[in-house]
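S.K.: Here it is, the structure in full.
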Amino acid sequence: MSGDRTRYLDLAASCYERAGLFGDAARCREEAGTLLAAAPLYVRAGDPARAAGCYERARHPAEAADLLLRLGRAEEAAGCWERAGEGVTAAWLLLVHTRRFRHARWLLDGTGERGPRHELALALAEVREGAGEARLEQVVEQLATGDALRSDTAARRAELRDRAVAAADLAGRRDLAATVFAAAYGIDGDSVLPAWRAWAEEAMGGTLGLPGEQGSAA
């Protein structure tokens, strides 16, 4: 695309945006190749699916998958991660939000990733397939006593914590979820409390017994 055409499209997009014509602005941005500028405009125009397409083409699978999940299109969200080479995350979405357990297993078998996220996904696969919770118990014990929740960035630790809690919830094992939160609190302190409180309110009906809480109980 010529530089002049790109400038014209950018100018048109700016005019459309000022006029509140977000869909037209998004189409101009998309045609100009500025996909990360087009995507939020599509969201504002009420077309999150097209926004997701822009995000994926711009190699931002997290944003694309998040929009698709909000639309209830979990298999497509997983596909974003699969095409990005993130087989564990793709499998995780399939295990949590769909019943495509066989494809999730195939992704987990084929990925080169190993470590706590992979182990947790395998444990959840066994739960979802009706094979029991023994592996999940082992993984939670490893998380609670090992180094996985101590390594990497705070954001990655929170992601692993939240996945472990979700797996425990899907297994109906609130005790395992509480174990994960307690271990995470021992590492990251009060930054864990908002998520722990929110989980306790929903799962347990109150926060009695949490650190620093007089708590409420159902």
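S.K.: Looking at LEU170 and the list (1) free of Cβ contacts under 8 Å to residues at least 60 places away in the same chain; (2) farther than 20 Å from ARG114 by Cβ; (3) not β-branched (Val, Ile, Thr), which single condition is not satisfied?
M.R.: Just one mismatch for LEU170, condition (1).
S.K.: May I ask you to verify whether ALA134 is more than 23 Å from LEU193 (Cα to Cα) and either modelled with pLDDT of 95 or more or among the charged types (D, E, K, R) (or both)? Full working, then the answer.
M.R.: On the way: more than 23 Å from LEU193 (Cα to Cα): yes; either modelled with pLDDT of 95 or more or among the charged types (D, E, K, R) (or both): yes.
Yes, satisfied.
S.K.: Here's another thing I want to ask about it. Considering every residue within region 16-23, establish whether at least one is modelled with pLDDT of 95 or more, loosely packed, with under 15 Cβ neighbours inside 10 Å and outside any helix (DSSP H, G or I).
M.R.: yes
S.K.: Based on what the data block shows, is GLU213 assigned to a loop (DSSP other than H, G, I, E, B), within 21 Å of GLY87 (Cβ to Cβ) and of a type in the set (D, E, K, R)?
M.R.: Working: assigned to a loop (DSSP other than H, G, I, E, B): yes; within 21 Å of GLY87 (Cβ to Cβ): no; of a type in the set (D, E, K, R): yes.
So GLU213 does not fit the description; no.
S.K.: If I ask for residues that are crowded, with 17+ Cβ neighbours inside 10 Å and farther than 18 Å from GLY87 by Cβ, which ones from region 109-138 would you list?
M.R.: VAL127, GLU133, ARG135, LEU136, GLU137
S.K.: Enumerate the pairs (first residue in region 130-151 and hydrophobic (A, V, I, L, M, F, W, C); second residue anywhere and assigned to a loop (DSSP other than H, G, I, E, B) and crowded, with 17+ Cβ neighbours inside 10 Å) with beta-carbon separation below 9 Å, excluding pairs fewer than 6 apart on the same chain, so at least 6 apart or on different chains.
M.R.: Short answer, once both residue conditions are applied: LEU136/ALA171; LEU136/ARG173; VAL140/ARG173.
So that you can scan it fast, the table gives a plain yes or no per residue for (1) crowded, with 19+ Cβ neighbours inside 10 Å; (2) not in a helix (DSSP H, G or I):
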{"residue": "ALA26", "(1), (2)": "yes, no"}
{"residue": "ALA39", "(1), (2)": "yes, no"}
{"residue": "ALA51", "(1), (2)": "yes, no"}
{"residue": "GLY72", "(1), (2)": "no, yes"}
{"residue": "GLU75", "(1), (2)": "no, no"}
{"residue": "CYS80", "(1), (2)": "yes, no"}
{"residue": "ALA91", "(1), (2)": "yes, no"}
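The values are calculated or read from the model by the stated rules, or taken from the named source; none is laboratory data. Just so you know, these numbers come straight off a predicted model, no measurement behind them. Positions of Cβ are backbone-derived with ideal geometry, glycine not excepted, and every protein chain shown enters the neighbour counts.
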